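The values are calculated or read from the model by the stated rules, or taken from the named source; none is laboratory data. This one's a predicted model, so the numbers in the text were calculated from it and none came from an experiment. Because the Cβ atoms are built from the backbone with ideal geometry, glycine has one as well, and the counts that use them run over all protein chains shown.
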Amino acid sequence: MEAEKYMLPCVSRKFLGFDCPGCGIQRSLALLLEGEFYAAFKMYPAIYPLILLVIFLFAGTLWKKRNFSNITAALAIISVIFIAVNYILKFLSFN
């Protein structure tokens, strides 16, 4: 991956020695930009709900008359669940 040399290091991993809940999101975005959709999901499963959440948050700022609050709330909950489950499974697989 060409973009890896421009990625920020994980502060949690660097100083504390373990991954943070966001570890993998940069590499997942890079994989998405390369068209590797399944590999991006495997790298960071919450990537798709997070992208949808950002799209709906942006749409909510553009179209003030439309109410996207239910959609954004649901996507936020789904994203948090994906992140938490991924983080827990990552820790269980290392032990």
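The single residue among LYS65, LYS90 that is of a type in the set (D, E, K, R) and part of a helix (DSSP H, G or I) turns out to be LYS90.
Taking every residue in region 16-29 that is surrounded by fewer than 17 Cβ atoms within 10 Å (Cβ to Cβ) and pairing it with any residue that is in a loop (DSSP other than H, G, I, E, B), at least 6 positions away or on another chain, the pairs with Cβ-Cβ distances below 6 Å are CYS20/CYS10. For THR72, the requirement of being among the polar types (S, T, N, Q), assigned to a helix (DSSP H, G or I) and crowded, with 16+ Cβ neighbours inside 10 Å is met.
Taken together, the residues in region 41-95 that are touching a residue at least 12 places away in the same chain (Cβ under 8 Å), over 17 Å from PRO21 (Cβ atoms) and of a type in the set (Gly, Ala, Ser) amount to 1. In region 30-65, of all residues being in contact with a Phe, Trp or Tyr (Cβ under 8 Å, 6 or more places away or on another chain) and within 17 Å of SER93 (Cβ to Cβ), the one that is surrounded by the fewest Cβ atoms within 10 Å (Cβ to Cβ) corresponds to PHE41. Listed conditions (1) at pLDDT 90 or above; (2) assigned to a helix (DSSP H, G or I) are all met by PRO45, apart from (2).
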